[in-house]
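The values are calculated or read from the model by the stated rules, or taken from the named source; none is laboratory data. Just so it is clear, the model here is predicted, and its values are computed rather than measured. Here Cβ is always computed from backbone atoms with ideal geometry, including for glycine, and neighbour counts include all displayed protein chains. The protein model used for the area step is the full one, side chains on, heavy atoms only, and it has no ligands, DNA or RNA in it. Shrake-Rupley method; radii C 1.70, N 1.55, O 1.52, S 1.80 Å.
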Amino acid sequence: MTAIAGEQPHLADINRQSHNGEATPAIVSQPAQSSPERLNHIQLLEAESIHIIREVAAEFQNPVMLYSIGKDSSVMLRLAQKAFYPAPIPFPLLHVDTGFKFREMIEFRDQYTAELGVKLLVWRNEDAIANGANPVQLGTQRCCGFLKTQALLDGLRAYGFDAAFGGARRDEEKSRAKERIFSFRDSAGQWDPKNQRPELWNLFNGRIGQGESIRVFPLSNWTELDIWHYIHLEKIPIVPLYLAKERQMLVRGDSLIPLEQPFVKGLPGEEQWVKCRLRSLGCSPCTGAIRSDADTVPKIIAELVEMRNSERANRIIDHDQDGSMELKKREGYF
Amino acid sequence: MAQGDNTPTAVLEQDEADLRIEERLAAERAKDLLRFSTAGSVDDGKSTLIGRLLYDSRNVYDDHVRAVTHNAEIDFAQLTDGLRAEREQGITIDVAYRFFSTAKRKFIIADTPGHEQYTRNMATGASTADVAIVLVDARKGILDQTRRHACIASLLGIPTVIAAINKMDLVGFSKEIFDQHSRALVELAKHLEIPDLHVVPVSALAGDNVVRRSERTPWYGGKSLLELLETVPLAIERSNAGLRFPVQRVLRPHQDFRGFAGQVNAGIVRPGDEVVALPSGFRTRVRTIATWDGELDEARVPQSVVLTLEDETDLSRGDMIAAADAPPHKTRHFDATVVWMQNKPLRPGASYFLKHTSHTVRARVVGIRSRIDVEHLAQNSTNELGLNDIGEVTIETSRPLLADRYRENRTTGSFILIDQEDNTTAGAGMIRSIADAGEGTGEQQAIHGILDVGNRAALAAELERRLLAEGALVLRTRAAVSNALVTIARLGAVVLVESDDNQPVMFTAVHGADPAPHELAAEQLDEILDELERLGAIPNNGDENDNGLGI
Ligand SMILES: Nc1nc2c(ncn2[C@@H]2O[C@H](COP(=O)(O)OP(=O)(O)OP(=O)(O)O)[C@@H](O)[C@H]2O)c(=O)[nH]1
Ligand SMILES: [Mg+2]
């Protein structure tokens, strides 16, 4: 505080009268220390997310939750269970399958959703898959365009969903940092980042016209650390690929590429057993692993705290060109 | 974890490592969360300051830094200016949300645009902030846009403002210049009734007084910006205020459970508490606070829970459970400060959808009382509000709101106006003063009639419930429309007729000599209620108090 401001620290005292003559209530404050009465930030995030999920269920005719099988989806799914407990989740899950997801992901998906008794829909761009679309042949941009963006838009349209939850977080990527919690999409599924609806307080505007839709991001304000913290506290099941284990990988420079697909072939000596794990789950040819010994959730957290690179640094697709995530998002990608 | 005698030591060590993390996480959870937003005129250095703050506090990933480093120089603003258009134009267009933490606190930053055209995005970022950092370019001092932003921050009820006098490197770290701006800021804060102001000299570009105190401002004895952020007090929750629990959704998984899902907006709720269900006014007690994690002994702001009540109670989305001894106002008329966010100007008489808590109603702007002249911070009379204008308006809603004044409760005191044609968010409002609807709605002479809903059973049930809550006399039947029903309606009832027909909703007013059916071009509950009210079929409660507004 400066000398000047210091002389008048309580302007409220000087100026207690508001313009319509009523006394301004003093701002009650307390020392900057945690009080047991205050909710911790994990509880605050949980409360906010549940509020958002309930608003969507109440305001839309036909919402769906995009389920990508990853850690964020797992947290979002748990929050949906909590939002409606003791009633069941009142909307289905939709998984957009590119055909290139890890086998362990699909096994986990089918087992876990069956266990929970939630309704799971799977959508694939069968034409593109039948035509043999893959990132090596098409390049990652076009491959994502067909197998993810196009499939997603087709799937949403086929079922007539007017709201779709996504597990994206603002701390993941800088164009995501710009997105609203209720993100409006025109009838072509496109995002216009330069003309977003204002979004004040927790009042979400879910009104849309024919063919338009809203993408909803209940995890907007969670960080990667918050997600793991919550998974740990809530004991949320996750795909074992997140945990370190000896795995056979294609080792090229700093990159560790999973050998799941036949077209991912190493040169002699490039295929090695490495103790590693995945930090974010995507399509196997485009998601690099990291060397790691973290085989429990607490160890993942310990590792994360020391981490100097972002979680998407190992995703090949985000770095094709400057602002590639934004471009994909504008076209309708999550 | 139970360990057997023959447990290998390696496993034991691992568990100790996990335990250390456990402690660390507990410490992490104990940290407070502070939300702050930036404000100020275009190019004052807001994004640069946030980039610098993140970088110097070691809260950015290396790959993110590499992406914004050109010729060995970091462009700090680009750490938050994440849109292509922003990087091309060198300005911020929309809010960027960033997250970081220090040993003391966790922070959510909203870095907002300074450009006047994007004021609504600044308001978006500021609406959830506890602290606003207002930037001032040391070379330029306070500009109109600085005043506009400070004014919005004050209206939004942000208690603490940190004014950062930036680009001190360009004025030779001059104490005189800093003092001069500080005095002007103190004046401004006084005028805007900002209770807690701190002023700090910084260079966002060079990092002076951002994270660490600078040797280049030896005359400044105060804290660095980060130290201020780590120590400013957090406003305490309104836990001693009356309970406000807007119902978001009714949960009825089976016969034996009927719960009301919502978020505690004020007060504390405990099983056994006496509450009132609004708008019906029915009093009952809280039976349980049900959650996935088990039943709770209490729930506080802003927990999202499910309440069950002792008695079968008439409540649905948009209604509220409130403290029986301190209920909110039930009102259709109030004065509010509005920030206008649409190109189409706001004019008296215009109608919008109004969203307030979990309730969306139709609203008419009855009058515009004044507009704030940002240059002089004076209130001028006007007959319209243009884009980015701030003004005082009087609003009338089709259904009563359960509201408090904004200064008492940010949630039950705020609303947004939505354009009825293109559904965009047209404005944001803060309720300043309220004209109560009063208790007696039955005294009014309303004209009644017959409402034929065809085969819409769910709609009929909901209409019946809502009309009853409005104090209307309702008869719901499957009998065909007959003279008997007309007579009953003439006696002062709304007769709800159901049938197996899939026909439009029809309304027959019975006050004339020759009752003629009138097709309601409405399918939705609220629209039908609005239409009925317009036709005079149900009481327009609140009109009798249409005086003495804006005390
Ligand atoms: N010399 C100097 N230049 C600065 C300082 N802070 C910011 N700048 C420069 O001022 C210009 C504008 O900075 P930004 O951070 O983009 O400004 P802003 O307030 O975020 O602008 P908008 O978001 O568009 O309103 C850039 O060229 C910065 O490098 C400072 O402390 N000293
Ligand atoms: Mg900026």
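For A:LEU233 and B:LYS140, the FRET efficiency from 1/(1 + (r/R0)^6), where r spans their Cβ atoms and R0 equals 41 Å, is about 0.25.
Taking amide hydrogens as placed 1.01 Å from N in the peptide plane, the amide H of A:LEU256 sits under 5 Å from those of A:ALA289, each at least 5 positions away in sequence or on another chain.
Region A:199-231 and region B:362-440 have Cα centres spaced 26 Å apart. Rolling a 1.4 Å probe over the protein heavy atoms of region B:329-436, with every protein chain left in place, gives an accessible area that is 42 percent carbon and sulfur. Bridging of B:LYS175 to lysines at a Cα separation below 29 Å is possible for B:LYS46, B:LYS140, B:LYS167, B:LYS190, B:LYS223, once same-chain residues fewer than 8 apart are set aside. Each Lys and Arg Cβ is given +1 and each Asp and Glu Cβ -1; about its Cα centre, region B:244-323 then shows a dipole of about 280 debye. Roughly to the nearest percent, how much of the accessible area of region B:32-237 is carbon and sulfur, given a 1.4 Å probe? On region B:32-237, the fraction of accessible area on carbon and sulfur atoms equals 47 percent.
When the Cα positions of B:VAL65, B:VAL232, B:THR394 are compared along the charge dipole of chain B, B:VAL232 comes out farthest toward the positive end, with charges on each C-beta of Lys, Arg, Asp and Glu. Annotation for the B:A interface, with buried accessible surface near 9500 Å², both sides summed [1.4 Å probe; non-protein components not counted]. Listed by chain and number, the lysines placed with their C-alpha closer than 17 angstrom to that of A:LYS194 are A:LYS174, A:LYS178, A:LYS328, A:LYS329; residues fewer than eight positions away on the same chain are left out. The heavy atoms of B:HIS198 offer some 10 square angstrom of accessible surface to a 1.4 angstrom probe. How far, in degrees from 0 to 90, does helix B:175-191 lean away from the longest principal axis of the Cα atoms of chain B, to the nearest 10? It is inclined by approximately 10 degrees. Per residue, the convex hull spanned by the Cα atoms of the protein assembly as shown amounts to 183 cubic angstrom.
Annotation: per residue accessible area for the protein assembly as shown equals 40 Å², rounded to a whole number [probe 1.4 Å, protein chains only]. Using a probe of 1.4 Å on the protein chains alone, the accessible area found for B:LYS190 is around 60 Å². A cut-off under 11 angstrom between Cβ atoms defines the neighbours of B:THR477, and their net charge, with Lys, Arg +1 and Asp, Glu -1, is -1. Counting only residues at least eight positions apart within a chain, or on another chain, the lysines with an alpha carbon under 26 Å from that of A:LYS119 are A:LYS71, A:LYS82, A:LYS101, A:LYS148, A:LYS235.
Assuming a ≥ b ≥ c are the square roots of the Cα gyration tensor eigenvalues, decide whether region B:329-436 counts as rounded (a/c under 1.5), prolate (otherwise, with a/b larger than b/c) or oblate. Oblate, because a/c is 1.5 or more while a/b does not exceed b/c. Centre-to-centre, using Cα atoms only, region A:56-121 and region B:41-91 are separated by 36 Å. Projecting the alpha carbon convex hull of region A:42-224 along each direction and taking the average yields 11.1 nm². Counting only DSSP beta bridges with both residues in region B:32-237, the antiparallel share comes to about 25 percent.
Spin-label model, A:ASN309 to B:ALA27: label points 7 Å out along the Cα-to-beta-carbon direction sit 2.8 nm apart. Annotation for B:ARG183 and A:LYS275: the two label points, set 7 Å from Cα along the Cα-Cβ direction, are 6.7 nm apart.
The mean number of Cβ atoms from other chains found within 10 Å of a Cβ in peptide A:237-249 is 0, as a whole number.
If you sort B:ASP43, A:ASP295 by accessible surface, 1.4 Å probe, largest first, the order is B:ASP43, A:ASP295. Compared with the dominant principal axis of the Cα atoms in chain B, helix B:46-56 is inclined by about 60°. The mean of 1/r over all pairs of different alpha-carbon atoms in chain B, once inverted, gives a Kirkwood hydrodynamic radius of 26.9 Å. Among B:ARG24, A:ARG197, the order of accessible area from largest down is B:ARG24, A:ARG197, computed with a 1.4 Å probe on protein heavy atoms. Loop-resident chymotrypsin sites (Phe, Trp or Tyr not before Pro) (DSSP state other than H, G, I, E or B) in region A:200-274 with no more than 15 further Cβ atoms inside 10 Å of their Cβ: A:PHE263.
Counting only protein chain heavy atoms and rolling a 1.4 Å probe, the accessible areas of B:ARG300, B:ARG29 rank, largest first, as B:ARG29, B:ARG300. For chain B, the longest principal axis of the C-alpha atoms and the axis of helix B:457-469 are separated by about 80°. Placing a pseudo-label 7 Å from each Cα along the Cα-to-Cβ vector at B:ALA72 and B:LYS190 gives an inter-label distance of 5.0 nm. Counted by Cβ distance under 9 Å from B:ARG456, the other residues give a net charge of -2, where Lys and Arg count +1 and Asp and Glu count -1. Based on DSSP H segments of at least four residues, each scored -39500 (n - 2.57), chain B has a per-residue ellipticity at 222 nm of -6500 deg cm²/dmol. For region B:32-237, the alpha-carbon coordinates run over 44, 36, 35 Å along the three principal axes, in decreasing order.
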